[in-house]
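Asker: Got a structure here, written out as structure tokens. Questions coming.
The values are calculated or read from the model by the stated rules, or taken from the named source; none is laboratory data. If you're wondering where the values come from, they're calculated on a predicted model, not measured in any experiment. Every residue, glycine as well, gets a Cβ built from its backbone with ideal geometry; the counts of neighbours run over all protein chains shown. Just the protein is used for accessible areas: all its heavy atoms, side chains included, with ligands, DNA and RNA removed. Shrake-Rupley method; radii C 1.70, N 1.55, O 1.52, S 1.80 Å.
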Amino acid sequence: MLKNDLIVRNPLNALGDQNDEIIAPGSFGAILSRAGVGKTSLLIQVALNALLRQKNVLHISLEDPVRKVNLWYKEVFYNLIEQFKVDQGNVLWQEILPHRFIMTFNADNFSAARLQERVIELLDQDIFAPRLMLVDGLNFSASQREQLLAIHDLAVELELPVWFTARTHRHEQENAADGIPVQLRDLDDLFSAIVKLQPQGQEIYLKVIKGCESSVNQPAIQLDPATMLLKINQ
């Protein structure tokens, strides 16, 4: 199988259009789940989908060091290679690496201003020009609104789609009317798309809470608990 087949058969295509635009440049998307259910794995699959299309991905981690994030990428990538029987996986891995930049912050010291400063440094020195940004580990609350608005300004300026992960908890109640979890209840207007990984028995389903209109009437998407890869429930 060739790289293009890997792109075409990606279950993420069910959430976006044929150009992999699940959210538009300058927009926010959120991936929610309880700890250990697979939100970082899903985030990395969003990244790999862009990397395979030769788009530069800036991965911001507020929890894990660069080495651990890289191991996550490697594990998810080679699980994909194994699942789709892609030839020359090592060559493809080396091909996509220059399109990825991992940036870490201490969560306690993270701010939109510091993020903007470091991203502008990359751009000014022609080190890396992201076309997609991922933020893993941000603690969501209504008090983060100003920070998120500042990141949104940066996303609009650089025409970047930005995906965040957000941790939910078993005891929390969703809004009965729209399914918005408590973490985003006063922030959901900032997000174009919100998806949640929902365990049901031994299965993990991807539930669309907001956006992703193209997913309507599509077969259910699941996260395989063994490989943590998305799959279409035929």
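Asker: If you project the alpha carbons of the stretch 57-171 onto the principal axes, what extent comes out on each, in Å, largest first?
Answerer: Principal-axis extents of the stretch 57-171 (Cα, largest first): 47, 45, 23 Å.
Asker: May I pose another question? Taking H as built 1.01 Å from N, whose amide H comes closer than 5 Å to the amide H of Ile194, not counting residues under 5 places away?
Answerer: So Ile194 has HN proximity to Ala30, Ile209, Lys210, Gly211.
Asker: To continue, here is another question. Tell me which residues come under 5 Å, amide H to amide H, from Leu229 once H is placed; ignore anything under 5 positions away on its chain.
Answerer: Placed amide hydrogens put Asp224 under 5 Å from Leu229.
Asker: Quick check of the Kirkwood formula: for the stretch 1-122, what is the inverse mean of 1/r over all pairs of different Cα atoms, in Å?
Answerer: 15.7
Asker: Related question: Take Asp5 and Asp108, extend 7 Å from each Cα along the Cα→Cβ direction, and tell me the distance between the two endpoints in nm.
Answerer: Spacing of the two 7 Å Cα→Cβ label points: 5.1 nm.
Asker: Still on this structure, I have one more. How many percent of the accessible area of the stretch 38-145 is carbon or sulfur, using a 1.4 Å probe?
Answerer: 45
Asker: What Kirkwood hydrodynamic radius, in Å, does the chain give when the mean of 1/r is taken over all pairs of distinct Cα atoms and then inverted?
Answerer: Value: 18.1 Å, from the Cα pair sum.
Asker: Please give the net charge around Ile194, taking every other residue with its beta carbon less than 10 angstrom from that of Ile194, where Lys and Arg add +1 and Asp and Glu add -1.
Answerer: So the environment of Ile194 carries a net charge of +1.
Asker: Another question, if that's okay. Thr227 accessible area, nearest 10 Å², 1.4 Å probe?
Answerer: 40
Asker: Per residue, how much accessible surface does the chain expose to a 1.4 Å probe? Answer in Å², no decimals.
Answerer: In whole numbers, the chain has 49 Å² accessible per residue.
Asker: Here's something else I'd like to know. Below 17 Å, Cα to Cα, which lysines can Lys231 reach? Residues fewer than 8 away in the same chain don't count.
Answerer: Correct list for Lys231: Lys39, Lys85, Lys196, Lys207.
Asker: Ranked by accessible surface with a 1.4 Å probe, highest first, in what order do His169, His59 come?
Answerer: Result of the area sort, largest leading: His169, His59.
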